[in-house]
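J.: This structure is in structure tokens; I'll ask about it shortly.
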Amino acid sequence: MNNLISNPIDHPEFVSATVAGQRAGRRTIPSLLALTLLSAACALSVASRASAATPSGATSFSSTPSVKGSPRVSRGHPYTLWDTDDVAAYKAAFATDPKLKVSFDELRTWGDKRITDPINVPAHRLEADGTWTFPDYKRGYKDASGNWQWQWDFNGAMQKRAEDVSNLGILYALTGDEKYAAFAKQILVALADAYGYGEGSAVPDPNGYDHFATYGFDGGDAGMLLAKACNGYDLIHNASSLVPKDRARIETGLIRPMADHLEKTTFMYTTHDRWGMVCLYGVFIAGETLNDPSMMDIALFGQGGTKDKITGGFMDCFKPDVLREGTVWGVGSQKIDDQMAALSVLTAVAEVLWHHGVDLYSFDDAAMKRSYDAALKPVGGLDASALLALPGIGIYQYAFRRYQDERYLSVIRQLTPSFTLAIGERLPSLPSSEPKMIGHH
């Protein structure tokens, strides 16, 4: 049985990696997170297998797929979607993977231009009555029928700035050039200032929303922004241009309060649909970035949940009615687009946990592989243009890296490399020069 590290005693490589990380000054909370997940993994795996058993008593999987590689406890930043091993792999791949190198060169050309432009974070103003406004944008309003009407320009501007942070963070990680980190820091500080946590009226909106929400910025938007902002922040965290005062402003003025507010979005804990998963990821990645176990726990186990009592969250996804054989995603929307987007988010979670010693790809008889496999059937009948338009389609690179299933290559070969992160839409392309990838191209 190949579960999520079912017992640390049975996996000395995990214990040694954790101890080595601690001896080297590695932060200890991720190690505690990994150990916390052990018990939850065992309980969920047993329950899932029992529920998925056929009438004859045989489980739905006759042979558990093996997962290539072993999870590691990454030391220091970056340690979320990428760690230092990943960065090194990308750098090495540029000499052997011309398509990836072209994508990187395009990103660098963009970055060199971006740092010469204004920051362009929406300007804010505190009005005399305590209202927090963005003068260049229109707030939402109720029409004559009582329906809310929004103009989405504000949300678009915020998402673009968060994407800038992520891309500049990637450039800094891959080049070591401080100019990219310095500009990303400026954007992050400006975003924190615009969020205005604790400033102005204690209740800036009759509904108790934060300053952004009255401009049509909801939970899914917060999840997307946090995914990109945290990715970039994690990648530039060690830059010399990012001093402790800047870190404090970014963490306490943007990442933490936005994630705290997002935690109140109750639907996300049990729906497991596209936008619920995006919201959950916002809380999850903020907790990982801030090293906050309470945020990690609520994203993984649900509101009031624990490793012994799962009430929702990402670990709730492994119940048989959510990840079940024959479907990509067993709940929420039945559209392939929405199911693929949700699976893309779970893939990002698995990659982050991989850097904290947790193998979600192996968990519950490689339950995630059943979802990747199920998606091949509807995907296989689509032409190339429709295939590439599916959100999250790039996750087959990640699935291939872990499971080495050659059926995934038919999808991978049609992908154009990109470093852009948009949670639920796309993850950064992987180097094709990783083990076994070159031989298949």
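The values are calculated or read from the model by the stated rules, or taken from the named source; none is laboratory data. None of these values were measured; they are calculated from a predicted model. Cβ: placed from backbone, ideal geometry, glycine included. Neighbour counts: every protein chain shown. Surface areas here come from the heavy atoms of the whole protein model, side chains and all, with no ligands, DNA or RNA. Shrake-Rupley method; radii C 1.70, N 1.55, O 1.52, S 1.80 Å.
J.: Between the range 132-158 and the range 237-298, how many Å separate their Cα centres?
T.: Between the Cα centre of the range 132-158 and that of the range 237-298, the gap is 24 Å.
J.: Which length gain, in nm to one decimal place, applies between residue 193 and residue 267 when the Cα-Cα distance is subtracted from 0.36 nm times their residue separation? Could you put the intermediate results ahead of the total?
T.: Details: separation 74, 0.36 × 74 = 26.64 nm, distance 2.86 nm.
Once the chain is fully extended between residue 193 and residue 267, it gains 23.8 nm.
J.: Check residue 73: other-chain or 5+ apart residues with amide H under 5 Å from its amide H, H built from backbone geometry?
T.: 357
J.: Cut-off 13 Å, label point 7 angstrom out along Cα-to-Cβ of residue 151: give me the residues of the range 127-141 whose amide nitrogen falls inside.
T.: Zone members listed by number: 134-141.
J.: Provide the FRET efficiency to the nearest 0.05 for the residue 321-residue 377 pair, computing r from the beta carbons and using R0 = 22 Å. Display every interim value, and only then the final one.
T.: Values: r = 20 Å, r/R0 = 0.90.
With a Förster radius of 22 Å, E is 0.65.
J.: Run the simple label-point estimate for residue 68 and residue 303 please: 7 Å along Cα→C-beta, distance reported in nm.
T.: Using points 7 Å along Cα→Cβ, the separation is 4.2 nm.
J.: Is the range 74-123 best put as rounded, prolate or oblate by its Cα gyration tensor, with a ≥ b ≥ c the root eigenvalues, rounded for a/c under 1.5, and otherwise prolate when a/b is larger than b/c, oblate when not? Each step should come with its number before you reach the end.
T.: Details: a/c = 3.71, a/b = 1.32, b/c = 2.81.
Since a/c reaches 1.5 but b/c is at least a/b, the shape of the range 74-123 is classed as oblate.
J.: Would you rank 243, 283 by solvent-accessible area, highest first, keeping every protein chain in place and using a 1.4 Å probe?
T.: Working: 243 65, 283 0 Å².
The residues order as 243, 283, largest area first.
J.: Provide the FRET efficiency to the nearest 0.05 for the residue 129-residue 240 pair, computing r from the beta carbons and using R0 = 45 Å.
T.: 0.60
J.: If you don't mind, there's one more thing I want to ask. Can you find, among 174, 151, 220, the residue farthest towards the positive end of the dipole of the range 105-262? Put +1 on the C-beta of Lys and Arg, -1 on that of Asp and Glu.
T.: Value: 174.
J.: Follow-up. In nanometres, what is the gap between the two model label sites at residue 92 and residue 143, each 7 Å from Cα along Cα-to-Cβ?
T.: Distance between the two pseudo-spin positions: 5.7 nm.
J.: Please compute the modelled spin-label separation between residue 335 and residue 116, points set 7 Å along Cα→Cβ, answer in nm with one decimal.
T.: About 4.1 nm separates the two model spin labels.
J.: Something else now. Which ³J(HN,Hα) values, rounded to whole Hz and listed in residue order, are derived for the range 81-92 from phi using the Karplus coefficients 6.51, -1.76 and 1.60 in 6.51 cos²θ - 1.76 cosθ + 1.60 with θ = phi - 60°, glycine and proline given as x?
T.: Once rounded to whole Hz, the list reads 5, 10, 10, 5, 5, 5, 4, 4, 5, 5, 4, 5.
J.: Mind scanning 138/245; 91/245; 319/369; 160/369; 101/245 and naming the pairs with a C-alpha gap bigger than 25 Å? Let's see the in-between values first.
T.: Details: 138/245 33 Å; 91/245 31 Å; 319/369 15 Å; 160/369 33 Å; 101/245 35 Å.
Those over the limit are 138/245; 91/245; 160/369; 101/245.
J.: Roughly how much of residue 275 is accessible, in Å² to the nearest 10, using a 1.4 Å probe?
T.: 110
J.: Work out from phi, with θ = phi - 60° and the Karplus expression 6.51 cos²θ - 1.76 cosθ + 1.60, the ³J(HN,Hα) of each residue of the range 270-279, listed in order in whole Hz, and give x for Gly and Pro.
T.: 10, 6, 6, 8, 3, 7, x, 5, 5, 4
J.: Given R₀ = 22 Å, what would the calculated FRET efficiency be for residue 102 paired with residue 178, taking r from the Cβ atoms and rounding to 0.05?
T.: Values: r = 25 Å, r/R0 = 1.13.
Approximately 0.35, to the nearest 0.05.
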